[in-house]
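Only the coordinates and a few stated rules stand behind these numbers; no lab work does. The shown structure was predicted, so the numbers you read here are calculated from the model rather than taken from an experiment. Cβ sites come from the backbone with ideal geometry, for glycine too, and all protein chains shown count toward neighbours.
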Amino acid sequence: MTAKTLLITGGAGFIGSALIRLLLKSSDANVVNLDKLTYAASPEALEDAPNHPRYRFEQVDITNAAELARVFAQYQPDGVLHLAAESHVDRSIDGPAAFIDTNIVGTFRLLEATLAHWQTLSAEQRQAFRFHHISTDEVYGTLGSEGYFLETTAYAPNSPYSASKAASDHLVRAWHHTYGLPVVMTNCSNNYGPYQFPEKLIPLMILNALEGKPLPVYGNGQNVRDWLYVDDHARALQRVFEHGQVGETYNIGGHNEKRNLELVELLCALLDERLPGSAHAPHRQLITFVEDRKGHDLRYAIDARKIERELGWTPTETFDSGIRKTVDWYLNNRSWCNTVQARGYQRQRLGLGKPPGQKS
């Protein structure tokens, strides 16, 4: 039987690269990585993939219809896992246009290319084909102190980022119901782990602490997030793609709710433990409360019982084991951190509603 060919969009990103590493190790699929290589991309995160006989790379913007048509014609994929997206809430506040272009227009272009390809397949191939759209729990808006996001929770996005992801989710659902494209969808909680770009909370705090810089905590630090180790997420994505029911959505979460301040204090304690001789210890003294994010959602929490019940997936990492692995990885990979930051981001504050470079 011929091995499947899978098209992964955004495969040089944080979650996409984890998924590709997993697929090359745990399946016989041919993997085509389609990535624009934006500021947040990290080809280094693909490790040995470029030398793998089942791996191919295409530097393509998903808004480019002609290039998408070429890629589909050249590789004839048996499935698509769509992770390409602008993903940082703060950047969406400062510059929403890129989020509209990539997350909405790009998803539309990709759906059009996928549908055109799918309609050329045999009945058997069409039956086996899947378009897996990867999204976020942020499309559901914010929770109070109780309750959880379910797959049936009404959408109520509150940031330009989450609004753009919600729009892309609706497009995918529409292409399924209108044109019959066989889709599955997933909405995940906050990911963490190795190779995460340092604009995100956990690597930002680790790297700032190592240099004795302030650890900026938004508002009063009481906002709650549900944390998911990235390799657990990759396993869930593979499970949904291979076994999920067409037309269904699966929420993926780690069952690890932490207040932002609690998380930063935990990171400080781990760094104190790992670096007892640090001139910056105790690292907790570096915590600095700063102006809150505009429209900051209070709490996210995923009910992941559906994917556990129907597909048998549960996280393998506890938060304690995952966060320790993550801290150790950043301590042991300072060269990677320096490489990605040299591409233009120096951990400056974003999300104040000002265009990049504007001071007031």
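Taken along the Cα-to-beta-carbon direction at a fixed 7 Å, the label points for E242 and L22 span 1.0 nm. Of the residues A3, I93, W227, the one whose Cα sits farthest toward the positive end of the charge dipole of the chain, with +1 on the Cβ of Lys and Arg and -1 on the Cβ of Asp and Glu, is I93. Across the stretch 1-76, how large is the tail of the calculated P(r) beyond 18 Å, expressed as a percent of all Cα pairs? I get 35 percent for the Cα pairs in the stretch 1-76 exceeding 18 Å. Seen against the Cα atoms of the chain and their longest principal axis, helix 107-118 is set at about 30 degrees. Across the stretch 95-181, the convex hull enclosing all Cα atoms gives 94 Å³ per residue. Taken along the Cα-to-beta-carbon direction at a fixed 7 Å, the label points for R54 and E146 span 4.8 nm. The alpha carbons of the stretch 65-143 stretch over 44, 30, 14 Å along the principal axes, in descending order. Spacing of the modelled spin labels on Q74 and Q348, each 7 Å from Cα toward Cβ, amounts to 3.6 nm. Placing +1 on the Cβ of every Lys and Arg and -1 on the Cβ of every Asp and Glu, with no other charges, gives the chain a dipole of roughly 480 debye about its Cα centre. When the chain is described by a simple charge dipole with +1 on each Lys and Arg Cβ and -1 on each Asp and Glu Cβ, the residue from N30, M185, Y55 located farthest towards its positive end is Y55.
Using all pairs of distinct alpha-carbon atoms, the Kirkwood hydrodynamic radius of the chain works out to 20.9 angstrom. Using a 7 Å offset from Cα along Cα-Cβ at E310, what residues in the stretch 147-170 end up with backbone N under 14 Å from the label point? So the set is 150-153. Please give the helix 201-210 orientation as an angle from the longest Cα principal axis of the chain, in degrees from 0 to 90, rounded to the nearest 10. Tilt of helix 201-210: around 40 degrees. Computed from Cα positions, the angle between helix 14-26 and the longest principal axis of the chain comes to roughly 60 degrees.
Give me the dipole magnitude in Debye, nearest 20, for the stretch 120-268 about the Cα centre, with unit charges on the beta carbon: positive for Lys and Arg, negative for Asp and Glu. All intermediate terms of the calculation are to be shown ahead of the outcome.
Values: 11 positive and 16 negative charges, 58 e Å.
Dipole of the stretch 120-268, to the nearest 20 debye: 280 debye.
Straightening the chain between N332 and Q222 buys 36.6 nm, computed as 0.36 nm per residue apart minus the Cα-Cα spacing. If the limit is 23 Å between Cα atoms, which of K200/K306; K200/K258; K4/K25; K165/K294; K258/K325 go over it? Table pairs above 23 Å Cα-Cα are K200/K306.
Could you tell me the calculated FRET efficiency between R126 and Y155, based on Cβ-Cβ distance and R0 = 22 angstrom, to the nearest 0.05? Write down the numbers at each step before the final one.
Values: r = 29 Å, r/R0 = 1.32.
In this case the efficiency is close to 0.15.
Per residue of the chain, what 222 nm ellipticity follows from adding -39500 (n - 2.57) for every DSSP H run with n ≥ 4, rounded to the nearest 500? Don't skip to the answer; put the middle values down first.
Numbers: 12 runs with 136 residues, N = 360.
Computed mean residue ellipticity for the chain: -11500 deg cm²/dmol.
Compactness of the stretch 138-242 is given as radius of gyration and Dmax, 16.8, 55 Å, from Cα positions.
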